[in-house]
Amino acid sequence: MNHKGTIVHFDFDPDSESFAYDPYPAYAWLRTNAPVYHWEKRDTLLLSRLEDLRTFLTHEQLSTDIADWEHHPGGQLFEQPGFEAWGSIIATSLFQLPPADHARVRKLASVALTPRAVRAMEGAVRATVERTLDDLIANGDEVVNIRDFTETIPLTVICDLFGVPSQMRAGFREFGLAAIRSVQPNLDPAVLSEIANGFTQGKVLLEQLIEARRTDPNPPADLLTRLIEARDEAHRLSTAELMSLIFALITAGSDTTVHGTCYAVFTLLRHPQALAELQADRSLLRSTIEETLRWDSFGKIGLFRYALSDFELAGVPVRKGQAVSGLMGAALRDPNGYADPDRFDIHRENVANLTFGLGRHFCLGANLARTEMMKAIEILLIERFPHATLAGEPVIDHHNPIMRPIDNLPVRLGADQGKAKA
Amino acid sequence: MRLIIDVIACEANGACTRILPEALELDDEDQLHLRLAVIPPELEDKAERAVRVCPRQALRLEPSKP
Ligand code: SF4
């Protein structure tokens, strides 16, 4: 199909190394010259303007359900041995459920993740961050990889919250990574079988976790117990819904927050003046975190959505089944949304931050993710290692199709100022 | 103008209450309350911003009935 007005000759290669390190020239070009860009390699329309991203995230005719996609990869995945059992579970994930069921399932979890509820978890988050930092410096290395620090924080917090035994945690991390890879089209057979394995093992873990809690004579009054009760007693959740919701809660934040925190450290160490201001005034912490998410977004292509009908988007025709995605990093530098968008400014007020989405699928864990990021930065760069500096260039994974994760961020920590006195 | 809250969609993120505390209030149980039946003209700008920032898109503005 010919997308009028979007065909341009422009070397857009988001899988290239140069793009991973600095996508901003390409983003600026797209915003100006091809705000609805047809990316031939994956037959996807890519949006780059802030207003178009808002439309994309809230559009009733754009579905997050992979079953609505004409190049639906599910078929491939479901042919993998042992994968059949996942069919019903995936069909009840929050990205797949029809609106009424979605609202019912989501509400059961969202009440446990409001800002007020998350405030009560701050002490636990702080303890996790402190412990992780102590592990990081245990070897006494002068230069550390900050990714090793950010890697386990979100998973540990959520596993503590759910009472997931420590021997299961590595398995859940693998499971989460498999799920992230599974949303990509045209995967090769080796990757498909790895993904299917991750899911198969993940299902066993979920069943063990739920069964252990159900048979616990004194179950703790936490979210996991409440969700199990919602299925067993109130019949407000089906078994498949229960499994996919627990899976989503454990894994969804365990990758994105890792990268968001890594980028926050990187961006602050590149802006020593802003960091000094933050160190002098912790009330800037919240706006600083928002600005790090805006200024250098770890997102790349993001999650695809699929057109349910033929319609027009920003003046360009979209056909039924067409894949559409939003370039978050481009939108967050849109001059029509932010004054002087390329400037890192921790004083920006009410940054219209779409990092966590908008509308029906707005990130369920956004408040928890923000708290984790704030605690990690506060403890690492304000309380413990205020003299930390970059010890080289980061290594960014340019093979990752949807994000630009930092694999290695070498940092010279300097002297430890010790744990904060309570 | 009147402000309408979609109580199913609202997840007590409080983005709106920071912008329009004159009309919106979260209680200790994360319920959002509307304090003004009608949004006076001088608050309309702020109300529009509150509608826009709500991450769940749970607010909307409607003309008040005559
Ligand atoms: S910003 Fe939206 S979700 Fe948050 S309290 Fe206000 S209406 Fe509810």
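Of the helices (runs of 4 or more DSSP H) entirely within the range A:91-136, those holding at least 1 residues that are within 25 Å of residue A:225 (Cβ to Cβ) and at pLDDT 90 or above occupy A:115-119, A:122-136. For residue B:4, the criteria (1) within 23 Å of residue A:104 (Cβ to Cβ); (2) of a type outside the set (Gly, Ala, Ser); (3) near the ligand (Cβ under 7 Å from one of its atoms); (4) in contact (Cβ under 8 Å) with a residue 40 or more places away in the chain hold in every case but one, which is (3). Selection within the range B:7-20: residues that are part of a loop (DSSP other than H, G, I, E, B) and near the ligand (Cβ under 8 Å from one of its atoms). The member of this set that is farthest from the other protein chains (Cβ to nearest Cβ) is B:10.
Inside the range A:335-370, can you point out the residues that are away from chain B (no Cβ under 13 Å) and either open to solvent by 10 Å² or more (accessible area, probe 1.4 Å) or under 30 Å from residue B:7 (Cα atoms) (or both)? A:335, A:336, A:338, A:339, A:340, A:341, A:342, A:343, A:344, A:345, A:347, A:348 - these are the residues of the range A:335-370 that are away from chain B (no Cβ under 13 Å) and either open to solvent by 10 Å² or more (accessible area, probe 1.4 Å) or under 30 Å from residue B:7 (Cα atoms) (or both). Which of the residues spanning the range B:21-44 are within 9 Å of the ligand (Cβ to nearest atom) and either part of a loop (DSSP other than H, G, I, E, B) or more than 14 Å from every other protein chain (Cβ to nearest Cβ) (or both)? Listed by number, the residues that qualify are B:24, B:30.
A single member of B:56, B:49 is within 10 Å of chain A (Cβ to nearest Cβ), in contact (Cβ under 8 Å) with a residue 12 or more places away in the chain, among the charged types (D, E, K, R) and more than 10 Å from the ligand (Cβ to nearest atom), and it is B:49. The set of residues in the range A:111-130 that are facing chain B (nearest Cβ under 10 Å), of a type outside the set (A, V, I, L, M) and open to solvent by 10 Å² or more (accessible area, probe 1.4 Å) comprises A:115, A:116. Within the range A:353-372, does at least one residue satisfy the condition of being of a type in the set (Asp, Glu) and in a loop (DSSP other than H, G, I, E, B)? Scanning the range A:353-372, I find no residue that is of a type in the set (Asp, Glu) and in a loop (DSSP other than H, G, I, E, B), so the answer is no.
Residue pairs whose Cβ atoms lie under 6 Å apart, sitting 6 or more positions apart in sequence or on different chains, and linking a residue in the range A:154-183 that is over 24 Å from residue A:214 (Cβ atoms) and open to solvent by less than 50 Å² (accessible area, probe 1.4 Å) to a partner that is of a type in the set (Gly, Ala, Ser) and assigned to a helix (DSSP H, G or I), are A:154/A:253; A:154/A:254; A:178/A:198.
The values are calculated or read from the model by the stated rules, or taken from the named source; none is laboratory data. Given the structure is predicted, the values throughout are model-derived calculations rather than measurements. Every residue, glycine among them, receives a Cβ derived from its backbone with ideal geometry; neighbour counts consider all protein chains shown. Only protein heavy atoms, including side chains, enter the accessible area calculation; ligands, DNA and RNA are left aside. Shrake-Rupley method; radii C 1.70, N 1.55, O 1.52, S 1.80 Å.
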